[in-house]
Each structure stands twice: as structure tokens, then as C-alpha cells.
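Shown next, in C-alpha cells, is the structure this report addresses.
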Amino acid sequence: MDAPFESSLASDVSEYLLARTAEAYMSGDFEKFAAFFILPQQMETFEGRILIKTTDDLRDFFDAMRKHFCRLGITDLVRRCVVAEFRDPDTIEATHESRLLAGTRLVQPPYPCFSILKRTEAGWRVADGQYAIQDVPAHSSALTGATGSPPHSSHNGV
């Protein structure tokens, strides 16, 4: 794991976490991914809300998202911070936009996400997430764990 990231710019912290978690998704590295999240935490879409209490819950979430990415042929997860602000010295509220690409093709409309980031002894971590995904029920279902299928791990793209 990287040394704790520090910056006086909230947007730098957000970009750092976005880059590291995207790398973990794309490489299938759950341990790297999990290291950037505080548990328990809530994840929410228009379709529903889940409470991720344990590392096993987070693993189920990670696997469901990777399976969804695999089904779509996703080769790149491009996210950029739109706005981020410190609410106190150890809390950032950040909004980013996510794009899912298969090669150079945009697979679904970009969607905004709102996150609460917290500084811990181990560094900055994601503490809560809200995803404004519209008209893509399969993606929302993957986020909220409503896939009902075992994880898929043999796809090489994700």
C-alpha cells in the first residue's frame, strides 16, 4: 500500500482515491481496493441503498461491480473530480464523474457520484458514496448488490 497521501487541496485527495480505486478495479486487486474504504459505510443509488458492514460485504460489492464491467466489456474506468471541499480538517465532500469505456467507446452515459472522504491514521479513505446512475438498472443493481449471481473472474478486460 502507498504511504498516506497528503495534500492541502481537497480535489487532489479526491483524484488520488479515484485513481487508486480505479486501478484496483481494473486489475482485480481487492486488497488494494479494500484498503481505501472505511467500514461500515452506506452506498446508495436511485435503485436502492446498501450498508456494507464487513470486508466480506465489500468483497461482494467489488465482485458484483467487476462482473458488471466484464459483461459490458469495460477496458477503462475514467473518473475525474468535479468539485471537492473540506468540511473540516479530516472530512472532504467530493463529487466526481464516472465514465465506463470499452476501448474508446463510451458504454453508458457518464454519471455523477458524491463521496464523503475521511482522514484516518492510515490516510484518506472513502466513508460513503452516492451514485446518480440513471436509465442503467444493471449498473445500479450491481452497486446495490442485487445481481444475485456469483462473481465472474475469468474475463481478462477487467
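Restricting Arg79, Arg99, Arg49, Arg71 to residues that are outside any strand (DSSP E or B) and not hydrophobic (A, V, I, L, M, F, W, C) narrows the list to Arg71.
Looking only at region 85-137, which residues are touching a residue at least 60 places away in the same chain (Cβ under 8 Å), among the β-branched types (Val, Ile, Thr) and over 19 Å from Glu23 (Cβ atoms)? Residues satisfying the conditions are Ile92, Thr120, Ile133.
Here's the yes/no breakdown for (1) exposed (fewer than 14 other Cβ atoms within 10 Å of the Cβ); (2) touching a strand residue (DSSP E or B) at 6+ places or on another chain (Cβ under 6 Å); (3) free of Cβ contacts under 8 Å to residues at least 40 places away in the same chain; (4) polar (S, T, N, Q):
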{"position": "Val13", "(1), (2), (3), (4)": "no, yes, no, no"}
{"position": "Arg20", "(1), (2), (3), (4)": "no, no, yes, no"}
{"position": "Leu58", "(1), (2), (3), (4)": "no, yes, yes, no"}
{"position": "Met65", "(1), (2), (3), (4)": "no, no, no, no"}
{"position": "His68", "(1), (2), (3), (4)": "no, no, no, no"}
{"position": "Thr75", "(1), (2), (3), (4)": "no, yes, no, yes"}
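Does Val82 meet the test of being touching an Asp or Glu at 6+ places or on another chain (Cβ under 7 Å) and either of a type outside the set (Lys, Arg) or touching a residue at least 60 places away in the same chain (Cβ under 8 Å) (or both)? Criteria met by Val82. Checking each residue in region 92-117 for being surrounded by fewer than 17 Cβ atoms within 10 Å (Cβ to Cβ) and under 16 Å from Leu9 (Cα atoms) picks out Glu93, Thr95.
Take the conditions of a type in the set (D, E, K, R) and either part of a strand (DSSP E or B) or modelled with pLDDT of 95 or more (or both) and apply them to Arg20. Does it pass? Quick ask: steps written out before the conclusion?
Details: of a type in the set (D, E, K, R): yes; either part of a strand (DSSP E or B) or modelled with pLDDT of 95 or more (or both): yes.
Spelling it out, Arg20 is indeed of a type in the set (D, E, K, R) and either part of a strand (DSSP E or B) or modelled with pLDDT of 95 or more (or both).
Condition test on Leu39, is it at pLDDT 95 or above, surrounded by fewer than 16 Cβ atoms within 10 Å (Cβ to Cβ) and closer than 19 Å to Ser115 by Cβ? Taking the combined requirement at face value, the residue satisfies it.
If you go through region 2-46, how many residues are under 13 Å from the mean Cα position of the chain (by Cα), closer than 21 Å to Tyr111 by Cα and among the aliphatic types (A, V, I, L, M)? Of the residues in region 2-46, 7 are under 13 Å from the mean Cα position of the chain (by Cα), closer than 21 Å to Tyr111 by Cα and among the aliphatic types (A, V, I, L, M). Against the definition (crowded, with 16+ Cβ neighbours inside 10 Å, assigned to a strand (DSSP E or B) and modelled with pLDDT of 95 or more), how does Glu85 come out, yes or no? For Glu85, the condition - crowded, with 16+ Cβ neighbours inside 10 Å, assigned to a strand (DSSP E or B) and modelled with pLDDT of 95 or more - is not met.
Exactly one residue out of Ile92, Ile133 is in a strand (DSSP E or B) and among the β-branched types (Val, Ile, Thr): that is Ile92.
For first residues located in region 31-49 and touching a residue at least 12 places away in the same chain (Cβ under 8 Å) and over 20 Å from Val13 (Cα atoms), partners that are of a type in the set (Ser, Thr, Tyr) and part of a loop (DSSP other than H, G, I, E, B) and lie 6+ apart or on another chain with Cβ distances below 6 Å form the pairs Thr45/Thr144; Glu47/Thr144; Gly48/Thr144.
The values are calculated or read from the model by the stated rules, or taken from the named source; none is laboratory data. Because the structure is predicted, anything quoted here is derived from the model rather than measured. Note that we place each Cβ from the backbone using ideal geometry, even for glycine, and neighbour counts take in every protein chain shown.
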